[in-house]
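Written below as structure tokens is the structure these notes are about.
Bear in mind these aren't lab numbers, they're just calculated from the coordinates by the rules spelled out. Everything numeric in this text was worked out from a predicted model, so none of it was measured. We place every Cβ from the backbone using ideal geometry, glycine too, and count neighbours over all the protein chains shown.
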Amino acid sequence: MSDDVGDVMGVITEQIERRFHMSLPELRRAVAAAPQAHREATEAVRWYGHLAQAQEALEKAEDALVAVLGTETGELDDPAMALAHQVNAAVTVRDGRAMVVRFLLDPDAPGRRGPGAWRDVAASAHRGPALQTSSPARPVVPAASVRGVSR
């Protein structure tokens, strides 16, 4: 649908190849052979795979929407609107995964500087939430007497 659909994947592919000094197929083979050898390359390849899946889902959603729009006249019905929302959600997922890949490729990204920074970024995915997510403790309230009930 949009002209930049293929561009997103092409640009990110070029960034990966420039960052790791090899073609994407070569990098995939190297990561498959020794995933622990270069953690950054492994993560970049893994997230690129997620990005490619999201791109494919987006293209399928766009194709379904275009097919429905070709038959619609006038206002869009609920199924067509649902497809439009599906396309919007797919774009959001694709763009989010593209942001992750770009972050992984940028050695100067916030949180990636200094010794052990990559380890800290990778470990942050396994930590708990930064904010308290459990319910606050209920205050202790003395029991009130109810008329007609003896204790």
* Structure fact -> Between the modelled labels at Asp108 and Glu56 (7 Å from Cα along Cα→Cβ) the distance in nm is 3.6 nm
* Asked: Dipole size in debye (nearest 20) for segment 37-92 around its Cα centre, Lys and Arg Cβ +1, Asp and Glu Cβ -1?
  -> 380 debye
